[in-house]
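Enquirer: Structure incoming, see below.
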Amino acid sequence: MNGELIKLIYEIELQPGEKLNLPESIVDSISNGRWVITIEQKAEKIENIRSHDAFLKGYAPEDEGLYDDYPSR
């Protein structure tokens, strides 16, 4: 086989009482060689940290035109 699988990620959600059962496609894709299999709990959704609110709140009506480009001479 000439192909090379670099990274394979599956996201699942288990309900109470359910047990992990790997899909047959994952089991079939693993062949001879060295493998690292990692299982980690997915973090809860984190609200967006990055925003530009500070700039927008710091802009006053009297600043209108302050950042306009001047025509070149």
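Read the figures in this text as sums done on the coordinates, not as results from a lab. Keep in mind that what you see is a predicted model, and the values were worked out from it rather than measured. We place every Cβ from the backbone using ideal geometry, glycine too, and count neighbours over all the protein chains shown.
Enquirer: I need the phi-derived Karplus couplings for region 17-27: 6.51 cos²θ - 1.76 cosθ + 1.60, θ = phi - 60°, integer Hz, Gly and Pro marked x.
Expert: x, 7, 10, 5, 10, 5, x, 4, 4, 6, 4
Enquirer: What order, most packed first, do the peptides 27-34, 13-20 have when packing is the mean number of other Cβ atoms within 10 Å of each residue? Provide the component values of the computation, followed by the final result.
Expert: Details: 27-34: 7.8, 13-20: 6.2.
Result, highest mean Cβ count within 10 Å first: 27-34, 13-20.
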